[in-house]
Amino acid sequence: MEGQKVAVRITVNGTVRTAMVEPRTLLVHFLRDGLGLTGTHVGCDTSQCGACTVLLNGEAVKSCTVLAVQADGAEVTTVEGLGSLDALHPVQAGFWEKHGLQCGFCTPGVMMAAVALLKENPNPTEEEIREGLEGVLCRCTGYQNIVRAIQYAAKQLASEAEPSEQVAAAGGDA
């Protein structure tokens, strides 16, 4: 059975990607080695650190715990899919503005966990942010600037949503 490969079709950062993979290939290795998306980090190989966190069908998952074949037919978003240099995602902008990183190794995982948190809870308290980041370890910081960065992102996302919410509340089309 060694060397046997199976086809997968995964939408990654909005682009459908097809590949032949060994059934035991972890999603993190498919992303990094197969697609060259090295923003998703391999930190501990034991699912403890969260550096490999991505969104799988909109949910934060540790990609070292998911086989690529399990993601067949799914949508995956990595840190590379959040924004661009010209148009940062509010979470990325928050990390920039509020100095939410140090060495940067955990940052992609923290950002992806934050995106999932803010999708579920657009206005989290500091305690809720810290709880939402429980699965991602940062060994450099006390998380204070990370929390500030996520609070900044929450405010940015709220201000982006306001105009369409006001139109909808007035009975118009958004």
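The numbers here are math on the coordinates, done by the rules we state, and not lab data. Quantities reported herein were computed from a predicted structural model and do not represent experimental measurements. Glycine gets a Cβ as well: all are built from the backbone with ideal geometry, and neighbour counts include every protein chain shown.
What the table shows:
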item: Filter result for Gly73 (under 30 Å from Val21 (Cα atoms) and exposed (fewer than 14 other Cβ atoms within 10 Å of the Cβ)); result: yes
item: Residue among Thr78, Thr107, Thr65 that is among the β-branched types (Val, Ile, Thr) and surrounded by fewer than 18 Cβ atoms within 10 Å (Cβ to Cβ); result: Thr65
item: Test: residue in segment 67-77 that is of a type in the set (A, V, I, L, M) and under 22 Å from Cys140 (Cβ atoms); result: no
item: Test: Val28 is in contact with a helix residue (DSSP H, G or I) (Cβ under 6 Å, 6 or more places away or on another chain), within 26 Å of Phe95 (Cα to Cα) and buried (at least 21 other Cβ atoms within 10 Å of the Cβ); result: yes
item: Hits in segment 26-68 - residues which are acidic (Asp, Glu) and more than 11 Å from the chain's Cα centre (by Cα); result: Asp33, Asp45
item: Residue match in segment 4-14 (condition: surrounded by 15 or more Cβ atoms within 10 Å (Cβ to Cβ), in contact with a strand residue (DSSP E or B) (Cβ under 7 Å, 6 or more places away or on another chain), under 14 Å from Ala71 (Cα atoms) and not hydrophobic (A, V, I, L, M, F, W, C)); result: yes
item: Qualifying strands (runs of 3 or more DSSP E) (wholly inside segment 1-86; at least 1 residues being hydroxyl-bearing (Ser, Thr, Tyr)); result: 6-12, 15-21, 53-56, 75-77
